[in-house]
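**Q** First, the structure itself, so that you have it in front of you.
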Amino acid sequence: MSLYSLVVDAAARTPDALAVHDLVTGLGYGALDARADAYLAALRGRGVRPGDRVLVWTDKTAEAVAVAQAVLRCGAIHVPVARGNPRERVARIAADARPALIVTDHADHVPGAVCVPCPDLLREADLLREAAYGPATAHHPVQLSDPAYILYTSGSTGTPKGVCLSHGNALAFVDWACRELDLTAADRLANHAAFGFDLSVFDLYGAFRAGASVHLVGETLAQAAGPLVDFLLERRITVWYSVPSALVLMAEYGELLERGPGALRACVFAGEPFPLKRLKELRGAWPGVRMLNWYGPTETNVCTSYEVTAADLARTTPLPIGSPVAGDTVWLDDGEILVGGPTVMLGYWGGERQAGPYRTGDLGRYDAGGLLEYRGRADDMAKVRGYRIEPAEVAGALVAHETVRDAVVLVVGTGLDARLHAFVVPEPGRAPELAELRRHCAVFLPPYMTVDGVHVVGGFPRTPNGKVDRAVLGGLVARGVRA
Amino acid sequence: MTDLDRAVLLDQLLRYVREELEAGVPADLITPDSPLLEMGVLDSVRTARLLAHIRTAYDVRVPPVHMTGEHFRTPSTITDLILLLRSQAASL
């Protein structure tokens, strides 16, 4: 059993059933299987070996999904990176992952790395097919404990860090999720999250395990409220999974509650707290749709779940993140959420192997009914519209600018109103400007990490023990202090 | 539906992005070839407002298949998209 056998098995059962559809093209299971084998031959032709990393820097396309399947069949490790990441950040990720190959679907490239567009790989596969094709597409037998993919998240040291998960980690979560949602071949799943985010693991592999279809939402469409609702209805999506911000956006600007739910039977959200009032509106509008609140950092996959019911319409306390799932054990140690079990990562790429439970850095408590509640972070890590952001990574990019001597970044506001504010100490005689710093950020960071406000200060307020007093800085923003 | 001159449309669109979208960047940085997505100008809320504006001002609904980075990269490409969708609607 491996993560790649899900598509192989579905292709044997139902080769003609739709597997994956992007905005333009769809591939049935048989076609996806054949495509993956073609890419597999090409990757092998390029010298990719088991255990190598293959970084896939593409739009969200059916081709990119086929490449990912090929990487896994090769016994190599899939490193998905969203197209929206600028070259500088991809270069940093590549410096850490040290991939044998970067697969793209565009002309941009990372200096010093081998970058090859999908069409080139397919041409190479054709040449191989004419030579000796058979053994070139034998699938590498992997162990459940072998690494399958690395997801790069924002790092508190200023560099993205790679969360490495095994075939077994992913399957433990996917098996549970498929049972919990009773997924069948008739389901049509939307894939809203970027491939580099862990929410995609459910959309893709949940669909493949059930022989269902997954419908890819491109990066630009993922931000567009009205067209997203059109997509949900036109594709007759039955299972939706996204950050709450996406649903709130669709409700606020795309008439989601009035126009939906279409064929939707399950609506699942994770990644940040769902504002209670908004959730009640959604639940009130769609009483027939199952709604689940999932929790788990990238490092653990989903490890707890709470199903929203009609009783929650009267709720006044925060929505729980629920109870442990997927064979995991979840508990509190001095208020911090700890997770142990089969879904917990192998470790950070290049770091020590994860031993024992994972300390999430998330704070929790039990409600009166014994269900877990999320209470915030023990450190500076922040979420902006569901995106995980280490303020230190943004500050690190700002300090790299010639006008900035020192920087502290914090998130002000919640939900759709969350904004990244930077407090910057200028180099002597220099005057940092918002527009220029945003341009600079765009070179080093994905768009969701760009600063929305810049405040030039002479120094940072400190707490009695010498740490930057972020609460005081937050107060300055609230009082409208401007650059 | 009357024919809309590309230059006029681009001009109107630039004015909208500069003056009404509250893009968080100085107006002179918004040019026909400004990379709006990379600059973070088109975040989810501003995208929603821009789409509403396009719908009201030009009677154009952007279908999901056209919601791509290629079409929304710059004011210039958005102008071309509006013209494309208008011509498609006119030929129906």
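**Q** Kindly indicate which of A:V384, A:V302, A:V308 is at pLDDT below 95 and in contact with a helix residue (DSSP H, G or I) (Cβ under 8 Å, 6 or more places away or on another chain). Show your work before the answer.
**A** On the way: A:V302 fails: at pLDDT below 95; A:V308 fails: at pLDDT below 95.
When all the criteria are applied, what remains is A:V384.
**Q** Here is a further query. Would you mind finding the one in A:A246, A:A251 that is in contact (Cβ under 8 Å) with a residue 12 or more places away in the chain, within 24 Å of A:C178 (Cα to Cα) and either part of a helix (DSSP H, G or I) or out of contact with any Lys or Arg (no Cβ under 6 Å at 6 or more places or on another chain) (or both)?
**A** On the way: A:A251 fails: within 24 Å of A:C178 (Cα to Cα).
Just one listed residue meets the conditions, A:A246.
**Q** Name the residue, out of A:L181, A:L151, that is at pLDDT 95 or above and within 20 Å of A:L292 (Cα to Cα).
**A** None of the others qualify; the one that does is A:L181.
**Q** Being within 13 Å of another protein chain (Cβ to nearest Cβ) and at pLDDT 95 or above is the requirement here; does B:V41 meet it?
**A** Numbers: within 13 Å of another protein chain (Cβ to nearest Cβ): yes; at pLDDT 95 or above: no.
No: the conditions fail for B:V41.
**Q** What are the pairs, 6+ residues apart or on separate chains, where a residue within the range A:146-161 that is in contact (Cβ under 8 Å) with a residue 40 or more places away in the chain and outside any loop (DSSP other than H, G, I, E, B) has its Cβ under 7 Å from a residue that is surrounded by fewer than 24 Cβ atoms within 10 Å (Cβ to Cβ) and of a type in the set (K, R)?
**A** Close Cβ pairs (under 7 Å, with a partner that is surrounded by fewer than 24 Cβ atoms within 10 Å (Cβ to Cβ) and of a type in the set (K, R)) amount to A:Y152/A:K161; A:T153/A:K161; A:T153/A:R388.
**Q** If A:C267 passes every condition in (1) under 30 Å from A:R13 (Cα atoms); (2) within 14 Å of chain B (Cβ to nearest Cβ); (3) outside any helix (DSSP H, G or I) but one, which one does it miss?
**A** A:C267 satisfies every listed condition except (2).
**Q** Something else now. Just checking, how many residues over the range A:71-87 are within 14 Å of chain B (Cβ to nearest Cβ) and in a strand (DSSP E or B)?
**A** Filtering the range A:71-87 for residues within 14 Å of chain B (Cβ to nearest Cβ) gives A:82-87.
Remaining after also requiring in a strand (DSSP E or B): A:82.
So the answer is 1.
**Q** Please specify each residue of the range A:36-59 satisfying the condition of being buried (at least 24 other Cβ atoms within 10 Å of the Cβ) and in contact with a strand residue (DSSP E or B) (Cβ under 9 Å, 6 or more places away or on another chain).
**A** A:Y39, A:A42, A:L43, A:R53, A:V54, A:L55, A:V56, A:W57
**Q** Which one of the conditions (1) closer than 30 Å to A:L338 by Cα; (2) part of a loop (DSSP other than H, G, I, E, B) does A:Y448 fail to meet, given that it meets all the rest?
**A** Every condition holds for A:Y448 apart from (2).
**Q** Does any residue in the range B:48-65 that is facing chain A (nearest Cβ under 7 Å) come within less than 7 Å, Cβ to Cβ, of a residue that is surrounded by fewer than 14 Cβ atoms within 10 Å (Cβ to Cβ) six or more places away or on a different chain, and which pairs are these?
**A** B:V65/A:V24
**Q** Let me ask something else. Within the bounds of the range B:54-62, is there any residue that is surrounded by fewer than 13 Cβ atoms within 10 Å (Cβ to Cβ), farther than 23 Å from A:H192 by Cα and either of a type in the set (D, E, K, R) or out of contact with any Cys (no Cβ under 8 Å at 6 or more places or on another chain) (or both)? It would help to see each step written out before you state the result.
**A** Within the range B:54-62, the first condition is being surrounded by fewer than 13 Cβ atoms within 10 Å (Cβ to Cβ), and the residues that meet it are B:56, B:59.
From the residues that got through so far, the ones that are farther than 23 Å from A:H192 by Cα too are B:56, B:59.
Within this subset, residues satisfying the condition of being either of a type in the set (D, E, K, R) or out of contact with any Cys (no Cβ under 8 Å at 6 or more places or on another chain) (or both) are B:56, B:59.
Yes, that holds for at least one residue.
**Q** Test of understanding: among A:G429, A:G396, A:G369, which residue is in the same structural domain as A:V451 (by TED's automatic domain parsing) and either at pLDDT 95 or above or part of a loop (DSSP other than H, G, I, E, B) (or both)? So that I can check it myself, show each step before the final result.
**A** Working: A:G396 fails: either at pLDDT 95 or above or part of a loop (DSSP other than H, G, I, E, B) (or both); A:G369 fails: in the same structural domain as A:V451 (by TED's automatic domain parsing).
After ruling out the rest, the residue left standing is A:G429.
The values are calculated or read from the model by the stated rules, or taken from the named source; none is laboratory data. Treat the numbers as computed from the prediction; the structure is a model and nothing was measured. Note that we place each Cβ from the backbone using ideal geometry, even for glycine, and neighbour counts take in every protein chain shown.
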